[in-house]
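Quick note: the coordinates plus some simple rules give every number you see, no bench work behind them. Worth saying up front: this structure is predicted, and the values here are computed from it rather than measured. Don't worry about glycine lacking a Cβ; one is built from the backbone with ideal geometry, like all the others, and counts go over all protein chains shown.
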Amino acid sequence: MKKIFCLVIIVCTLFSCVADTEKDAELVFSENNLLFNGWETKSLFITTNPISECAYQITSKPSWIVVSHESGNISSDNNIREIKISSNLADLKPGTYEGEIQFTTTLGSKSILLKAIVGDNSLYSIPKSLNFPITNSSLKFIIKNDGNFPLSYNFENINNAITLSSNNGNIAAQSQKEITVTLNRQALASGVTSLNLNLNINNKLETISINIDNFTEHKLFLNGDVVDAEYSKTKDQLIFVSSNPSKISIYNTSTANIENIPLVYTPTCISISQDGETAVVGHDAHLTYINLKTKSITKTYSVSCYALDVVLGNNKWAYVFPKENQWTNLRCVNLNKSVDNEELSTGGSIYAGTKGRLHPSGKFIYGADNGSYPSDIEKYDIQNGVANMIYDSPYHGDYPMNGNLWFSEDGNRIFTRGKTVLKTSETKSQDMIYNGQINTNSTVNIEWLDHSNNKSNLYVILNNGDVWTQSRAPYIHIYNSTNLTFKNKFELEKYQVKNNNGEATYYDAEPYYIFSNSTGNKTFVLTKAKGSGLENEWSIQTFIIE
């Protein structure tokens, strides 16, 4: 049944009241909460501790309450006052009402909470579903009676795989009952199983859905260690590079098929074109240009640095971010030329370790520095081929940037590793301007982020807040991309390792990259089995987004 709540807004005006013996005396109530089941009168006793001379006044109360003495005095001779409080419910429809009575004195303001239940209200709450992860075979839930008369319950058609701590009983008004559900996994078939728990409450049938993971691994295991990854929303393909063996992999998300292209050199980073047709792979002192359509290497170039990061422009230039040499320059590689094709960026030096990302307009690269303090982000113009650093953000320690960045799909916002959000513009005075902060725990950073415009979601990988290990929490967190508030999170599927006796050990899946598809109804997470020592410890996990 629908609950109706009364919100009481209180404005207090103090009046004269002097403590006789203790300046730290306070008002004390015999009750802090009063419940009215229909028409009732309750006694409330007030005093001071320690005993003091004081006056009181009720400055606010709900309209459905009548009070016998709305003001009065407390003294050494008469230090306990009784106030009669009655419910006046004549004009109220059946339902539940809440409010408070506010007392004001110079000893301090204080209130008691009120609830009134009008009519015979069968109000209760139960969970809609219970989810059993693979590591848990016992869960508890609450049947809460919010009404004003007792309710009876009993469970019907209990599955033989389920045992309950209580199959039936009664729950008094404004009370609750905790039920433990124990699962016998041996009575279940392998795979994720759904069962219904039928609950009869006061002759009304309710259903609690039980979702059971009996652990059939759904992840797609990968051969090799994932080094870097990007996603083409134009092609709906996940592209990643691996070492041991060195290769570039193309995962078709609609067919779940993987095609591999062997690489001559060990990969360190990858960037794909905005049309999803080509890619560049960075190495130590080399750069490989890939045709993703024909699944072949177009050309391999020499570059004068170890490629920490690389960005492929729409102009057939690649921009390599060096790993070393502190103050340095971007290596700008003209992919239209076979020789003499490397030039250094202009407009000033960059800090080694900077990571870059192509703005969706294709005109600019934004870079996030690493190893400098305070952390900052900067902008490079690539419209003439060679990258030209034009300026950095207007902030220097005002907001954390922390060494990486991602764009909204439309390119209007930047999301930084330090959770700071900035607006973008081609006008300098309006570029990289503060636009809020993603509302996470203050001790964590963002390790990866993806934006789905269709779902208005930010899919976020967070570290665990441990400043020593900075490992990734085994969850994907979802935030509202408009107001940056938390919406939900889901746990990643664990890795199962069995010994020779068939006994299983489960390892957390540590997420490194997450991408949403073009429609926003699926996400793909590249995960690693944390501390497992598995030969194939990397995998792709796919999740449906409602």
Whole-Å semi-axes of the stretch 215-370's equivalent ellipsoid, largest first, each the root of 5 times a Cα gyration tensor eigenvalue? 27, 16, 16
Relative contact order (%) - the stretch 26-118, alpha-carbon pairs under 8 angstrom, separation at least six: 38 percent
Filter K219/K355; K61/K84; K128/K204; K293/K337 down to the pairs with a C-alpha to C-alpha distance above 24 Å, please. K219/K355
What is the fewest-to-most order of H283, H218, H451 by other Cβ atoms lying within 10 Å of their Cβ? H218, H451, H283
Low-density loop trypsin sites (Lys or Arg not before Pro), the stretch 77-162, at most 16 other Cβ within 10 Å, DSSP non-H/G/I/E/B, are K128
Residues whose placed amide H lies under 5 Å from that of G347, excluding near-sequence neighbours: M389
Please report Rg (one decimal) and Dmax (integer) in Å for the Cα set of the chain. 32.2, 103
Distribution output for the stretch 298-401: share of Cα-Cα pairs per 10 Å bin in percent, first bin at 0, values 16, 50, 28, 5, 1
Along the stretch 475-482, what does the Karplus equation 6.51 cos²θ - 1.76 cosθ + 1.60 (θ = phi - 60°) give for ³J(HN,Hα), rounded to whole Hz, x for Gly and Pro? 9, 10, 9, 10, 10, 6, 6, 7
Apply the Karplus parameterisation 6.51 cos²θ - 1.76 cosθ + 1.60, with θ equal to phi minus 60°, to every residue of the stretch 373-388 and state each ³J(HN,Hα) to the nearest whole Hz, in sequence, with x for glycine and proline. 9, x, 5, 8, 10, 9, 10, 10, 8, 10, 5, 9, x, 5, 6, 10
Per the charge dipole of the chain (beta-carbon charges, Lys/Arg positive, Asp/Glu negative, Cα centre), the residue among T105, A509, W64 reaching farthest to the positive end is A509
Treat the count of other C-beta atoms within 10 Å as a stand-in for reagent exposure and order M432, M389 from fewest to most. M389, M432
Convex hull volume per residue for the stretch 79-155, taking Cα atoms only, in Å³: 215 Å³
Please give me, ordered by residue number, the trypsin sites (Lys or Arg not before Pro) of the stretch 221-324 that lie in loop per DSSP and have at most 12 other Cβ atoms within 10 Å. K293, K295
Which of the trypsin sites (Lys or Arg not before Pro) across the stretch 487-546 are loop residues per DSSP, with 11 or fewer other Cβ within 10 Å? none
Could you derive backbone 3J(HN,Hα) for the stretch 366-371 from the dihedral phi with the Karplus parameters 6.51, -1.76 and 1.60 (θ = phi - 60°), listing whole Hz in sequence and x where the residue is Gly or Pro? 10, x, 10, 7, 10, x
Which values, in whole Å and largest first, are the semi-axes of the equivalent ellipsoid of the stretch 309-364 obtained as the square root of 5 times each eigenvalue of the Cα gyration tensor? 18, 15, 9
So, counting K/R as plus one and D/E as minus one, what does the shell of residues with Cβ under 15 Å around T416 add up to? -1
Rg(Cα) / (2.2 N^0.38 Å) computed for the stretch 64-214, rounded to two decimals: 1.57
If you build the convex hull over the alpha carbons only and average its shadow over all orientations, what do you get for the stretch 183-306? Give it in nm² to one decimal. 12.3 nm²
Around N463, which amide H atoms from residues at least 5 apart in sequence, or from another chain, sit under 5 Å from its own amide H, with H modelled in the peptide plane? N445, E447, A473
Using per-residue counts of other Cβ atoms within 10 Å, averaged over each peptide, order 166-172, 46-52, 362-368 from highest down. 362-368, 46-52, 166-172
Hey, got the Cα dimensions of the stretch 502-546 along the principal axes, in Å, largest first? 40, 19, 13
Taking the Cβ of N457 as the center, what net charge do the other residues with Cβ under 9 Å away carry, scoring Lys and Arg +1 and Asp and Glu -1? +1
Give, as a single signed number, the net charge of other residues whose beta carbon lies under 11 Å from the beta carbon of L151, with Lys and Arg counted +1 and Asp and Glu -1. +2
So what is the relative contact order for the chain, in percent, with contacts set as C-alpha pairs under 8 Å and at least six apart? 6 percent
At q = 0.13, 0.15, 0.18, 0.19 1/Å the base-10 log of I(q)/I(0) from the Debye formula over the alpha-carbon atoms of the stretch 124-213 is -0.42, -0.55, -0.77, -0.84
Correct semi-axes for the stretch 26-118, from √(5λ) of the alpha-carbon gyration tensor and rounded to whole Å with the largest first, are 26, 12, 10
List the residues whose amide H sits under 5 Å from the amide H of S60, counting only those 5 or more places along or on another chain, with H placed 1.01 Å from N in the peptide plane. Q102
Just how far, in whole angstrom, is the stretch 353-421 from the stretch 61-84 if you go by their alpha carbon centroids? 64 Å
